[in-house]
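The values are calculated or read from the model by the stated rules, or taken from the named source; none is laboratory data. Everything numeric in this text was worked out from a predicted model, so none of it was measured. Reconstructed Cβ throughout: ideal geometry from the backbone, glycine too, with neighbour counts over all protein chains shown.
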Amino acid sequence: MKKLFTSIIALILGGFIAGAPLIASAPVFADGDNCVDTVFFGKQCGEEGIKTVLTTVIDIMSGLIVFVAVIGITICGIQYLTASGNEEQLKKSKRRIFEIVIGLAVYVVIYALLKFILPGFNGVK
């Protein structure tokens, strides 16, 4: 189980690290307009630009986390169904499903904290 959990964490962190250059920005302060030029979002100015980038990154990561969780639960469900009465295999697959659900619950709490902490993340201006 540790291998599966470690693989999921590595995949998520790898997504953050691999995605960083794509969203990385080069400050454009020569104009004095306090804008940031990003690869995907173009030129973003002021707080609205930061909100746009943050909400997009968080939405993408949320989608990836849910996708990985669904794949994990599907794989564990197949292992559960094909255990053929093997108690050890049944126990392992139940434990893995439980750990994935706990991971999703932790992410929901983190997502709620982000909505509370980041101004404008929840659509309130």
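From the list Ala69, Ala105, which residue is touching a residue at least 24 places away in the same chain (Cβ under 8 Å), assigned to a helix (DSSP H, G or I), on the phi < 0 side of the Ramachandran plot and not basic (Lys, Arg)?
Exactly one residue qualifies, and that residue is Ala69.
For (1) over 23 Å from Lys3 (Cβ atoms); (2) over 15 Å from the mean Cα position of the chain (by Cα); (3) at pLDDT 90 or above, each residue gets a yes or a no:
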residue	(1), (2), (3)
Leu54	yes, no, no
Ser62	yes, no, no
Ile65	no, no, yes
Thr74	no, yes, yes
Leu81	no, yes, yes
Gly85	yes, yes, no
Glu88	no, yes, yes
Arg95	no, yes, yes
Pro119	yes, yes, no
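Pairs needed: first member in the range 84-99, among the hydrophobic types (A, V, I, L, M, F, W, C); second member anywhere, in a helix (DSSP H, G or I) and surrounded by 11 or more Cβ atoms within 10 Å (Cβ to Cβ); C-beta distance under 8 Å; at least 6 residues apart or different chains.
Note: pairs meeting the criteria are Leu90/Tyr80; Ile97/Ile73; Ile97/Cys76; Ile97/Gly77; Ile97/Tyr80.
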